[in-house]
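Undergrad: First the structure, which I've put down as structure tokens, then a few questions once you've had a look.
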Amino acid sequence: MSRGFDSHFGPPSQPIEVAEFLQQANSALLPGSFTNASWEQLTPEHRNAVEAEITESISDLKSSLDQVWDNPVLSAHVLRQHESTVASVHGQADAPAPKGRKRKRHVAPECSKLSQEVVQLQEKLDAVNLRCWGLTVESALCMRAAKNSDYNALDAPKKMGTGILHTPDYGDVGATRSSTPDSLRSPSPDAISYPNAVITLTVYNRIPYLPSCLTRSSQYALLSTQTLGDLLRILPCPSSNMPVEELDAEGDVSGYNITDQNQTGEHDGCLFCIEDIVYGDGRETADYSEKLIAYFHELPEDKRPQIRTASTSASETTFNALTLRTHQPYWILHQGNCEHFFVIDQIRLAHASDPRSGYPLMLHLTPMVQDLCRACGKVPAVHSIVGDMRLGESPCLLCAPCWRMMGPPNNEDVIVVPLVIPFVNHSDSQDPNMHDEVDLHK
């Protein structure tokens with residue numbers, strides 16, 4: 001059930017032309033002029049009172065929450081009540097236990113005597129008339145334990161490129177402005193113009209053992225002036241980091257080169273399918289878009305998707321030239337048959353807190369789940385041993401210490417294939433603090 005929820009997107013928004021969004025957003029930027037008739041009828045004192053009320057209401061809510069969470073006794077009481085409610089919901093929603101078995105129930109510990117401050121807090125919570133946030137039995141459908149894709153391997157946004165956020169006056173980007181509702185504001189000819197939109201998107205991959213389900217891989221913030229090729233170059237994908245085979249004179253694989261292709265980040269063909277338009281790789285030979293169209297023409301006409309090839313390639317197409325929908329999955333195909341899907345989360349103007357350079361920015365990276373060493377079963381494997389009869393299986397995944405303890409193989413046909421462990425940054429500007437390889441045994 002949870003897999004189905006995670007792979008469900010939408011409902012999608014209306015089509016958004018990024019260039020038109022920028023134009024409309026720039027025309028709607030208001031440095032402070034108001035033309036709403038109702039607002040103009042208010043006196044300056046009344047206007048200030050309205051703005052102060054809005055600000056104070058938010059401040060009061062934040063202050064009351066901070067007081068609870070900063071108090072260990074109150075926060076523990078709230079967490080205990082929440083856990084008890086969640087356990088009760090699961091107990092009502094779970095199917096009956098098989099005959100002869102007893103299902104373990106979570107019972108929240110109860111305090112024999114509550115302090116006065118806890119009693120006062122509970123009385124405030126019970127007095128709240130808002131009942132729509134209560135957990136019902138149906139809430140169990142949307143509850144699950146944390147998954148690997150919920151964790152972030154990054155502790156801060158990571159700069160993946162050289163894109164620069166251009167603004168007329170960066171000091172004014174996202175500056176603190178009046179709390180007056182936007183509905184009371186009107187366009188002004190003196191509004192600041194923003195040449196860039198910031199687009200946040202999430203990339204999903206198929207689950208190998210459940211190909212009909214998707215899992216989140218990473219999340220990025222790109223500029224609308226960047227291209228689809230810029231997005232593809234920063235995707236963490238094992239297919240892009242496969243070592244290059246080295247052939248001998250007879251055409252047999254004699255070894256692997258792990259330096260050339262991995263450092264350049266080149267892709268052997270790619271395509272993007274966005275709103276029934278296919279953006280190919282632009283190669284002189286038949287690119288991926290032409291091959292895909294040719295494949296669809298072989299299908300029966302009633303099963304043939306109605307798509308067309310774009311006039312520009314992925315490396316030439318900027319996000320400004322696209323029409324996108326939020327919460328709508330779009331398809332990426334590269335490196336033969338490697339698929340990814342990306343979903344637009346947000347299209348917005350720049351803010352003062354946005355970094356000025358380093359775009360695309362990686363906001364989230366799902367920690368990699370590595371196969372453990374077949375010998376010790378304690379640490380991730382770093383070598384794939386092919387053709388060694390001593391190991392009992394081929395290929396056999398081993399960590400570096402276990403492979404050293406095995407000693408050199410007696411058979412010259414044994415091939416040692418290095419596994420891609422770290423995430424390789426293909427950005428043009430390398431971070432001196434980032435290492436391309438990680439020794440897990442140091």
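The values are calculated or read from the model by the stated rules, or taken from the named source; none is laboratory data. Everything quoted here is computed from the prediction, not taken from an experiment. Note that each Cβ is placed from the backbone with ideal geometry, even for glycine, and that neighbours are counted across all protein chains shown. The protein model used for the area step is the full one, side chains on, heavy atoms only, and it has no ligands, DNA or RNA in it. Shrake-Rupley method; radii C 1.70, N 1.55, O 1.52, S 1.80 Å.
Undergrad: Under the definition of Cα pairs under 8 Å and six or more residues apart, what whole-number percent is the relative contact order of region 305-392?
TA: Once normalised by length, the contact order is 13 percent.
Undergrad: For region 289-354 and region 52-91, what is the centre-to-centre distance using only Cα atoms, to the nearest Å?
TA: Between the Cα centres of region 289-354 and region 52-91 lies a distance of 43 Å.
Undergrad: Treat each spin label as a single point 7 Å out from the Cα along the C-beta direction, and report the D94 to E246 distance in nm.
TA: Taking the simple label geometry, D94 and E246 are separated by 5.7 nm.
Undergrad: What number in nm² do you get for region 307-396 if you take the convex hull of its Cα atoms and divide its surface by four? Provide the component values of the computation, followed by the final result.
TA: Numbers: hull surface 43.9 nm².
Mean orientational projected area (region 307-396, Cα hull): 11.0 nm².
Undergrad: In addition: Largest first, what is the accessible-area ranking of R131, R233 with a 1.4 Å probe?
TA: R131, R233
Undergrad: Given R₀ = 35 Å, FRET efficiency for R404-S239 by Cβ-Cβ distance, to 0.05?
TA: On the way: r = 29 Å, r/R0 = 0.83.
Efficiency for this residue pair is about 0.75.
Undergrad: So how compact is region 202-325: Cα radius of gyration and Dmax in angstrom?
TA: 17.3, 52
Undergrad: Probe radius 1.4 Å, ligands and nucleic acids ignored: give me the carbon and sulfur share of the accessible area of region 343-402 as a rounded percent.
TA: Details: 1640 of 2820 Å².
Result for region 343-402: 58 percent of the exposed heavy-atom area is carbon or sulfur.
Undergrad: To the nearest 10 Å², what's Y256's accessible area with a 1.4 Å probe?
TA: Probe radius 1.4 Å; accessible area of Y256 about 70 Å².
Undergrad: I've got another one for you. Each label point is 7 Å from the Cα along the Cα-to-Cβ direction; what then is the distance between the points at V68 and A321, in nm?
TA: Here the modelled spin labels are 5.2 nm apart.
Undergrad: Starting from the Cα-Cα distance between Q120 and S384, subtract it from 0.36 nm times their residue separation and give me the gain in nm to one decimal. Show your work: numbers first, answer last.
TA: Working: separation 264, 0.36 × 264 = 95.04 nm, distance 6.22 nm.
Extra length from Q120 to S384 when fully extended: 88.8 nm.
Undergrad: Also, I was wondering about something else. Note down the nm distance, to one decimal, between modelled labels 7 Å out along Cα→Cβ at C132 and at N48.
TA: Using points 7 Å along Cα→Cβ, the separation is 3.5 nm.
Undergrad: Can you tell me the length gained on complete extension of the stretch H166 to E290, counting 0.36 nm per residue apart and subtracting the Cα distance? List each step's numbers first, then the result.
TA: Working: separation 124, 0.36 × 124 = 44.64 nm, distance 3.56 nm.
Extra length available between H166 and E290 comes to 41.1 nm.
Undergrad: Still on this structure, I have one more. Where does the charge balance sit around N205 when Lys and Arg score +1, Asp and Glu -1, over other residues with C-beta under 11 Å from its C-beta? Don't skip to the end; give the middle numbers.
TA: Numbers: positive: R206, R216; negative: E339.
That sum, taken over residues with Cβ under 11 Å, equals +1.
Undergrad: Going from most exposed to least, what order do I293, I344 have by accessible area with a 1.4 Å probe?
TA: Working: I293 30, I344 0 Å².
So the residues, ranked largest to smallest area, are I293, I344.
Undergrad: I would also like to ask the following. Label 7 Å along Cα→Cβ of D413; region 234-252 residues with amide nitrogen under 15 Å?
TA: Those under the cut-off are 252.
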